[in-house]
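Please treat every number below as a calculation from the coordinates, not as lab data. No experiment lies behind these values; they were computed from the predicted model shown. Counting neighbours? That spans all protein chains shown, and the Cβs are built from the backbone with ideal geometry, glycine included.
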Amino acid sequence: MQGFRKEPSPERERLVRLYQKSREPMTRLAARILGAGPQAEDAVHESFVKLLRVYDQLRERSDGQLERWLAVVARNTALDILRKERRETPLEREAWEPSIPADEGGFEALVALIRAMPEDYRRVLELRFVAEWSLADIAKELHLTEGAVKTRIFRGRRLLIRQLREEGYLDGQACV
């Protein structure tokens, strides 16, 4: 039948808009980890495939929340690709070459301290303070109650502050 076209669904249009808006920032993020090239693009496309697999569960989230979710998934996907290859990222090379001498700031020790945090605390803190997710979104993503998320944030911050003090990064001042 010539001239017959099926109208795109609102959900399909939403996903296309989300892809068009998020693709470039996600590619830049993945490229910081993997370097510019096809692997960064693969990480972005894999992130969208992951979104499509769970879209029914995420449908009610706002576009902004989905964009943040995609950014975290793109970063994690890029890191997974990197781990499979077991190579150092351009971002890690920069991070391990601090602009201040090691004896003045202990930068490497600080990064190692944060990376060594228990995954449950590190992940919740990352979603809350880096990705700026709401407590409800974190709870839904990690299959926890909001109370459990609040507890992990509290305990994770307390643990990090204690470790920072023990390592000499903070004096006895109160930390917010």
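3J(HN,Hα) along region 142-150: 9, 6, 10, 7, 4, x, 5, 5, 4 Hz, from the Karplus curve 6.51 cos²θ - 1.76 cosθ + 1.60 with θ = phi - 60°, whole Hz, x for Gly and Pro.
Full extension of the chain between Asp80 and Arg115 yields a length gain of 11.0 nm, computed as 0.36 nm times the residue separation minus the alpha carbon distance.
Order 155-166, 34-45 from most to least packed using the mean count of other Cβ atoms within 10 Å.
Numbers: 155-166: 15.1, 34-45: 17.5.
In descending order of packing, they fall as 34-45, 155-166.
Within the shell of other residues whose beta carbon sits under 14 angstrom from the beta carbon of Gln20, the net charge comes to +1, with Lys and Arg scored +1 and Asp and Glu -1. In this label model, Glu166 and Arg14 are separated by 4.6 nm, measuring between points 7 Å along each Cα→Cβ vector.
Between Arg53 and Phe129, the simple spin-label model (points 7 angstrom out along Cα→Cβ) gives 3.1 nm.
Each peptide among 49-59, 135-145, 12-22 gets the average number of other Cβ atoms lying within 10 Å of its residues, and from highest to lowest they stand as 135-145, 12-22, 49-59.
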